[in-house]
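Colleague: After the structure tokens below, expect a handful of questions from me.
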Amino acid sequence: MATTRWLYLDMNAFFASAEQQLQPALRGKPVAVVPTMTDRTCCIAVSYEARQFGIRTGTNVGQAKQLCPWLRLVEGRHEQYIELHHRIIAAIETVLPIERVWSIDEFACRLSLQHRERAPALEMAGRVKQAVATQVGRHLRCSVGLAPNRFLAKVAAGMRKPDGLTHLGLEDLPDALHPLQLGDLPGIGRGMQRRLEQFGVRTVRQLCATPPETMRMIWRSKVGEQWSRWLRGEDVPDPPTKRGSVGHSHVLPPELRTDTGARAVMTRLLHKAAARLRRLGYAAGRMEVEISQFGDGPAWRVTVKLGGVQDTPTLLKALEAAWECRPRGMQPLKASVTLYGLTAPQSLPLFADHQQAIRASRVMDAVNAELGPTALYFASMHKSRDAAPLRIAFTNIPEVAFEGARDPRPRGGLRRAD
Ligand SMILES: [Mg+2]
């Protein structure tokens, strides 16, 4: 059955493995990454060698030293981890486009039609793991999950660590989930477990057998029904991350910490947010754009009124107008674009050019759904033509930008990405 739609990749003990990758002397050793060198803080990442001593993320450093006196403590170096994060993304994308970056060490990819059978999906996962190992580092291990939806792919990735590869097919459901603990499911913390217990749900087997109406009561919202559908293997879209908003942010890699780089990344972030907005069936009432600066510089933030927009060209125009108001001389570090005030779109826009923009956006979404998320995108606005020495490869993860390229100049209208 061609039902494997998602691949989820989760780096194992990421910060600790990163240090073992960057510092050969730490390989094979119990390592804990700490925010500062004091016994009063907690470990923020722990190598698998250190876990054998019972040390976990969150273990107090003083206590960790008692559990393993030769534990190697390393002060966290986030710039390095962000750089590795970008290299991991680039490595994965040599094989498969990323649909969404979930965190610094978790990535979700949608499989295209020809990879949805079990064997080609497993082969693809093997190639992704190999790309990370050879292009970024063999000491950075990762666990990969394959499943009919993004949620179950994440669950599958968590089933074998480190260095796992787990396939959950529709035919394996729900039995393959039964051995899991409720706490193994992403989103079920202690509070949720207590609430589930009040409804008599103590095991994953019981959770899978709970009717959607009861799930809705347990979660006190439609999210409960979404859980039912996820557990059955339906490919339902993820809800917006914050209630009533769709947005993306991106810490700029060093080569894009310029006016041009920040603007190019913003354009990509907006493409992504707009596609997601349409996938969820919403229009946006407001857009907020934000640039955080390096050092002590204040963040620049501006909100633009939109009035129920869901097409990419209109959103790009609004972004362009906002961008013109930025203070000059910023040292951009992080870019964010958020669409707020989500409503159902009006059925018939008043103006012909607006109707055309909506149609063009839908064509783009349809082509991208068929050919993969990198197939089509709107060229950036004309003004960026001269000021765009970087080609920003547009994928469905605008959290990432690639430097250098053939033909860096965007053209008007729709353009096929290579
Ligand atoms: Mg991880």
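Colleague: Roughly how many Å² of Phe294 are accessible to a 1.4 Å probe, to the nearest 10?
Modeller: That residue has around 90 Å² of solvent-accessible surface.
Colleague: Would region 132-219 count as rounded, prolate or oblate if I go by the C-alpha gyration tensor, calling it rounded below 1.5 in a/c and otherwise prolate when a/b exceeds b/c, oblate otherwise? Please list the in-between numbers first.
Modeller: Working: a/c = 2.90, a/b = 2.05, b/c = 1.41.
Prolate, since a/c reaches 1.5 and a/b exceeds b/c.
Colleague: Can you figure out the FRET efficiency of Gln80 with Gln193, using R₀ = 22 Å and their beta-carbon distance, to the nearest 0.05? Provide the component values of the computation, followed by the final result.
Modeller: On the way: r = 36 Å, r/R0 = 1.63.
So, using R0 = 22 Å, E works out to roughly 0.05.
Colleague: Here is a further query. If I model a spin label as a point 7 Å beyond the Cα along the Cα-Cβ vector, how far apart are those points for Arg232 and Gln23 in nm?
Modeller: About 5.1 nm, to one decimal.
Colleague: Same structure again: Semi-axes, largest first, in whole Å: what does sqrt of 5 times each Cα gyration tensor eigenvalue give for region 175-232? List each step's numbers first, then the result.
Modeller: Working: eigenvalues 46, 36, 21 Å².
They are 15, 13, 10 Å, listed largest first.
Colleague: As a test of reading the structure, rank Thr57, Thr210 by solvent-accessible area (1.4 Å probe, protein chains only), most first. Mind dumping the intermediate values first?
Modeller: Working: Thr57 90, Thr210 20 Å².
From most accessible down to least: Thr57, Thr210.
Colleague: Here is a follow-up. Output the pairs from Lys154/Lys334; Lys129/Lys161; Lys272/Lys317; Lys272/Lys334; Lys129/Lys272; Lys129/Lys154 with a Cα-Cα distance over 20 Å in this structure; if there are none, say none. Let's see the in-between values first.
Modeller: Details: Lys154/Lys334 27 Å; Lys129/Lys161 13 Å; Lys272/Lys317 15 Å; Lys272/Lys334 16 Å; Lys129/Lys272 25 Å; Lys129/Lys154 15 Å.
Lys154/Lys334; Lys129/Lys272, as the Cα separations exceed 20 Å there.
Colleague: Filter the trypsin sites (Lys or Arg not before Pro) in region 107-206 down to the DSSP loop ones having no more than 14 other Cβ atoms within 10 Å, then list what survives. Mind dumping the intermediate values first?
Modeller: Numbers: sites: Arg110, Arg116, Arg118, Arg127, Lys129, Arg138, Arg141, Arg150, Lys154, Arg160, Arg190, Arg194, Arg195, Arg202, Arg205; in loops: Arg116, Arg138, Arg141, Arg160, Arg202.
Answer by residue number: Arg138, Arg160, Arg202.
Colleague: Right, here's the next one. Please give the Cα centre distance for region 3-81 versus region 206-267, rounded to the nearest Å.
Modeller: Here the answer is 28 Å between Cα centres.
Colleague: Semi-axes, largest first, in whole Å: what does sqrt of 5 times each Cα gyration tensor eigenvalue give for region 260-302?
Modeller: Numbers: eigenvalues 124, 31, 9 Å².
Output for region 260-302: semi-axes of 25, 12, 7 Å.
Colleague: Turning to a different aspect of this structure: Calculate the FRET efficiency for Met217 and Arg279 from the Cβ-Cβ distance with a Förster distance of 30 Å, rounded to the nearest 0.05.
Modeller: 0.60
Colleague: Now for a different question. Calculate the tail of P(r) for region 194-325: the fraction of all Cα-Cα distances greater than 21 Å, expressed in %.
Modeller: Values: 4753 of 8646 pairs.
Pairs farther apart than 21 Å: 55 percent.
Colleague: Please give me, ordered by residue number, the GluC sites (Glu not before Pro) of region 174-265 that lie in loop per DSSP and have at most 14 other Cβ atoms within 10 Å. Before the final figure, lay out the partial values.
Modeller: On the way: sites: Glu197, Glu213, Glu225, Glu234, Glu255; in loops: Glu234.
Filter output for region 174-265: Glu234.
Colleague: How large are Rg and Dmax for region 13-103 when calculated on the C-alpha trace, in angstrom?
Modeller: 14.4, 44
Colleague: Something else about it: Can you work out ³J(HN,Hα) from phi for every residue in region 35-47, in order, using Karplus 6.51 cos²θ - 1.76 cosθ + 1.60 and θ = phi - 60°, giving whole Hz and x for Gly and Pro?
Modeller: Once rounded to whole Hz, the list reads x, 9, 7, 8, 6, 7, 9, 10, 6, 9, 7, 9, 6.
Colleague: May I pose another question? Which three numbers, in whole Å and largest first, are the semi-axes of the equivalent ellipsoid of region 1-168 derived from its Cα gyration tensor as √(5λ)? Walk me through the numbers before you get to the answer.
Modeller: Numbers: eigenvalues 201, 47, 32 Å².
Calculated on Cα positions only, the semi-axes equal 32, 15, 13 Å.
Colleague: How fast does region 110-168 diffuse by Stokes-Einstein, in µm²/s, taking the Kirkwood radius from C-alpha pairs at 20 °C and 1.002 mPa s?
Modeller: Values: Rh = 11.6 Å.
For the chosen part, D equals 185 µm²/s.
Colleague: Another one. Full-extension gain between Gln114 and Arg56, please, as 0.36 nm times their residue separation minus the C-alpha to C-alpha distance.
Modeller: Numbers: separation 58, 0.36 × 58 = 20.88 nm, distance 4.01 nm.
Length gained, Gln114 through Arg56: 16.9 nm.
Colleague: Continuing with the same structure: In a solvent-free Debye calculation with one equal scatterer on each Cα, what is log10 I(q)/I(0) for region 86-143 at q = 0.14, 0.17 Å⁻¹, listed in the order of the q values?
Modeller: Rounded to two decimals, the profile gives -0.35, -0.52.
The values are calculated or read from the model by the stated rules, or taken from the named source; none is laboratory data. These numbers were taken from a predicted model, which means no experiment stands behind them. Backbone-built Cβ (ideal geometry, glycine too); neighbour counts: all protein chains shown. Areas reflect the complete protein model, heavy atoms only, side chains present, ligands, DNA and RNA absent. Shrake-Rupley method; radii C 1.70, N 1.55, O 1.52, S 1.80 Å.
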